[in-house]
Amino acid sequence: MEMRKSSRHAKITGDFGEAVVLYWLSKYGFECTNVDHTGIDIIARNPHPRGNGELMGISVRSRSRYKGTGATSVSCPDFNKVKKACKAFGCIPYCAFVVDDEDANAIRGFVVPMKHLLKRYAKGKTIVTWKMSAMDRVKYAKDPKVKAFVFETATPRWWGSNRNRTKRR
């Protein structure tokens, strides 16, 4: 059965992406908060020794993919808006990407410094996307500046699903 998403699913996906990045940062000791500001969604203080107390301004991009579209790229935020917001709050610009991939039964998250994203993955392009192919995910896994998390997902029984349905007589 083809999955149909609600009319508000894009908004809900965006809120979920921000919440899961906040959760992950908080779980690992970051003091962080959600902000409603043009350009950034989260402000977080990095508590780790290598983080040097850095204040991060994070723009979160979230997508929910249908089966067969899990490798589709995610558009990057407007970098000028991110930079402007980070300047106002004294933050280092970061980008986060959260993608619900039906093909892999996974939700993947990536957090990367914007400067590194532009230097390593944009290479002078005017339109920048965060690629999600298997080959690109291998590159990200090898890149120490790209922080990542993966949630495995499963829906063993749900409305409209033929799985685990018993016949009535």
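List of remarks:
- Note on residue 80 and residue 38: the model spin-label points, each 7 Å out from Cα along the C-beta direction, lie 1.1 nm apart.
- Cα gyration tensor shape for the chain, rounded if a/c is under 1.5, else prolate or oblate: prolate
- Gain on full extension, evaluated as 0.36 nm per residue between residue 55 and residue 15 minus their Cα-Cα distance, stands at 12.2 nm.
- Cβ screening of the chain for cysteine pairs under 4.7 Å finds these without a partner: 32, 76, 95.
- Which of 55, 118 has the fewest Cβ neighbours within 10 Å, and the rest in rising order: 55, 118
- Leading residue at positive end of dipole, the chain (Cβ point charges), from 118, 107, 69: 69
- Ranked by the mean number of other Cβ atoms within 10 Å of their residues, highest first, the peptides 144-153, 73-82, 40-49, 96-105 come out as 96-105, 40-49, 73-82, 144-153.
- Summing Lys and Arg as +1 and Asp and Glu as -1 over all other residues whose Cβ lies under 15 Å from the Cβ of residue 31 gives a net charge of +1.
- Considering only the chain, percent of DSSP beta bridges that pair antiparallel, nearest 5: 70
- Local electrostatic count, residue 153, Cβ distance below 10 Å [Lys/Arg +1, Asp/Glu -1]: -4
- DSSP H segments from the chain that extend 20 Å or more along their own axis, Cα-based, with Kyte-Doolittle mean of 0.0 or above: 9-27
Laboratory data are not the source of any read-out in this text; all were calculated from the coordinates shown. These numbers were taken from a predicted model, which means no experiment stands behind them. We place every Cβ from the backbone using ideal geometry, glycine too, and count neighbours over all the protein chains shown.
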